[in-house]
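Contents: one structure, followed by commentary.
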Amino acid sequence: IGWGTASEVNTKHFLVEHSSNGIDFTAIQTQAAAGNSQTAKHYSFVHSNPAQGMNYYRIKQVDKDGSFSYSKTVALLNRSNLNSVVLAPNPVANQLMLVLPKPAAKAAQVRISNASGQVLLQQTMAQGTSQFIMEVSRLAAGKYQLQIIEGTTRETFSFLKL
């Protein structure tokens, strides 16, 4: 994870924060800041044990007076030893990505249903697919179910639409 500043005024330190759900963040590294600088500064951190699936990161800049601000949240996918389907981001605004632990053995139907079970969206995922994106921007805010139907096998996942 790398970040930089163009200048710094009374900056105390930076906290690298991590989340596996994009909501609950924990500080995993404290990085001292230059404090006061009129030149560009560059910082970095290596997360040696990210979670399987989606990992979310943000930087919290803390000033000497205790005030702070957050960077934009960045999502990274850790595919190593992935053993289940990952939906990301969740909650989602526009595009929902499905990441499969291994390529689909055959074509599958991907369905999105509301709380009443009504199918609102349906697409076919081709054989060999390991990553699939669905456009969900037209869905109203709320909780939905996504089903992957491959032959007689059904997997169901929940997600939240913003």
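Residues satisfying the criterion are present in the range 75-95 (criterion: under 30 Å from ALA34 (Cα atoms) and either assigned to a strand (DSSP E or B) or β-branched (Val, Ile, Thr) (or both)).
Here's the yes/no breakdown for (1) closer than 30 Å to GLU150 by Cα; (2) free of Cβ contacts under 8 Å to residues at least 60 places away in the same chain; (3) in contact with a Lys or Arg (Cβ under 9 Å, 6 or more places away or on another chain):
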| site | (1), (2), (3) |
| --- | --- |
| LEU15 | no, yes, yes |
| GLN31 | no, yes, no |
| ASP63 | no, yes, yes |
| GLN95 | yes, yes, no |
| ALA115 | yes, yes, yes |
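Identify the single condition in (1) touching a His at 6+ places or on another chain (Cβ under 9 Å); (2) more than 21 Å from ILE23 (Cα to Cα) that SER116 does not satisfy, given that it satisfies every other one. For SER116, the failing item is (1). For the range 108-119, which positions are part of a strand (DSSP E or B) and either among the aromatic types (Phe, Trp, Tyr) or open to solvent by 60 Å² or more (accessible area, probe 1.4 Å) (or both)? Those that are part of a strand (DSSP E or B) and either among the aromatic types (Phe, Trp, Tyr) or open to solvent by 60 Å² or more (accessible area, probe 1.4 Å) (or both): ARG111, VAL119. Residues of the range 122-149 that are assigned to a strand (DSSP E or B), touching a Lys or Arg at 6+ places or on another chain (Cβ under 7 Å) and open to solvent by 50 Å² or more (accessible area, probe 1.4 Å): GLN122 alone. Each residue in the range 30-59 was checked for being open to solvent by 60 Å² or more (accessible area, probe 1.4 Å) and either part of a strand (DSSP E or B) or under 14 Å from TRP3 (Cβ atoms) (or both), and 7 of them qualify. Determine whether ALA105 is open to solvent by 70 Å² or more (accessible area, probe 1.4 Å) and among the aliphatic types (A, V, I, L, M). For ALA105, the condition - open to solvent by 70 Å² or more (accessible area, probe 1.4 Å) and among the aliphatic types (A, V, I, L, M) - is met. Residue count for the range 65-75 satisfying the condition of being closer than 25 Å to LEU98 by Cα and either exposed (fewer than 13 other Cβ atoms within 10 Å of the Cβ) or free of Cβ contacts under 8 Å to residues at least 24 places away in the same chain (or both): 2.
The values are calculated or read from the model by the stated rules, or taken from the named source; none is laboratory data. It should be emphasised that the depicted structure is a prediction, and the values quoted were computed from it without experimental measurement. Heads up, the Cβs are rebuilt from the backbone with ideal geometry, glycines too, and the neighbour counts pull from every protein chain shown. For accessibility, only protein heavy atoms count, side chains too; no ligands or nucleic acids. Shrake-Rupley method; radii C 1.70, N 1.55, O 1.52, S 1.80 Å.
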